[in-house]
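*Asks:* Take a look at this one; I'll ask things after.
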Amino acid sequence: MSALLVLLLSGPNLALLGERQPEVYGTATLADHVARASGAAERLGLSLEHLQSEREGDLVDAVHGARGRCDAIVVNAGAISHYGWSLHDALATFAGPVVELHLSNPDAREPWRHRSVLAPVSDGTVAGFGGVGYELAVEAVSRLLRSSGTTSPRR
Ligand code: DQA
């Protein structure tokens, strides 16, 4: 039997992690975080695929493509988290668990980061734990999948 599939989505400017504001986001690269998430997924018996884009529409397309194919979504949409209503609407059509993820704690930063438009369509949010959050978010979707009794892949 094939493993349940988690889609990890990364939004704009996350490709610059490692160079971008290391005092806020740390020195690990996006590839480091994806490796961390993949390792957690493997330990939990899940498969993980990753997509990063600077464009909201690409993230919307990825959510559409995940419908009926992926079992859960972990999304760090970067700044799109704070205004991306089309990503909100796309995630609302996804049947499986959705966990919102942030390296930093947006609530402890500038006021415009305090609102997430993705939170209302997410099961929960992991924020403020740096790279560890990638493992915590995968663990969270694993628990949500288990508690909902999802044991076989959607596809
Ligand atoms: C972020 C927080 C967002 O406010 C910001 O725009 C990002 C990164 C985080 O991971 O902490 O690009 O999503």
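*Asks:* If you place +1 on the Cβ of every Lys and Arg and -1 on the Cβ of every Asp and Glu, how big does the dipole about the Cα centre of the chain come out, in debye to the nearest 20?
*Replies:* Here the chain has a charge dipole of around 380 debye.
*Asks:* Once both labels are modelled 7 Å past Cα along the beta-carbon direction, what's the ARG43-THR151 spacing in nm?
*Replies:* Between ARG43 and THR151, the simple spin-label model gives 2.4 nm.
*Asks:* Helix 30-43 versus the longest principal axis of the chain: what is the Cα-based angle in degrees, 0 to 90, to the nearest 10?
*Replies:* Result, in degrees: 30.
*Asks:* Quick one: among ALA77, ALA108, ALA31, which has the greatest mean-square fluctuation in a GNM of the chain with alpha-carbon springs under 10 angstrom?
*Replies:* Among ALA77, ALA108, ALA31, the largest mean-square fluctuation in the Gaussian network model of the chain belongs to ALA108.
*Asks:* To continue, here is another question. In the P(r) worked out for the chain, what percent of Cα pairs fall beyond 18 Å?
*Replies:* 53
*Asks:* Follow-up question, since we're still on this one. Could you state the accessible area per residue of the chain in Å², with a 1.4 Å probe and every protein chain left in place?
*Replies:* Accessible area per residue: 46 Å².
*Asks:* Out of ALA137, ALA95, GLY57, whose Cα points farthest toward the positive end of the dipole of the stretch 4-147 (charges: +1 Lys, Arg; -1 Asp, Glu; placed on Cβ)?
*Replies:* Ranked along the dipole, the leading option is ALA95.
*Asks:* Here's another thing I want to ask about it. Out of the total accessible area of the stretch 4-147 (probe 1.4 Å, heavy atoms of protein only), what percent is carbon and sulfur?
*Replies:* Carbon-and-sulfur percentage of accessible area, whole number: 52.
*Asks:* How large is the Kirkwood hydrodynamic radius of the stretch 82-131, in angstrom, based on all distinct alpha carbon pairs?
*Replies:* Roughly 11.4 Å, rounded to one decimal.
*Asks:* Rounded to the nearest Å, what's the spacing between the alpha carbon centres of the stretch 75-91 and the stretch 131-155? Just the number, please.
*Replies:* Using only Cα atoms to place each centre, the spacing works out to 20 Å.
*Asks:* So for SER147, SER53, what's the accessible-area order with a 1.4 Å probe, most first?
*Replies:* Sorted descending by solvent-accessible area, the residues read SER147, SER53.
The values are calculated or read from the model by the stated rules, or taken from the named source; none is laboratory data. Computed from a prediction, not measured in an experiment: that's the story for all the values here. Heads up, the Cβs are rebuilt from the backbone with ideal geometry, glycines too, and the neighbour counts pull from every protein chain shown. Ligands, DNA and RNA are excluded from the accessible area calculation, which covers all protein heavy atoms including side chains. Shrake-Rupley method; radii C 1.70, N 1.55, O 1.52, S 1.80 Å.
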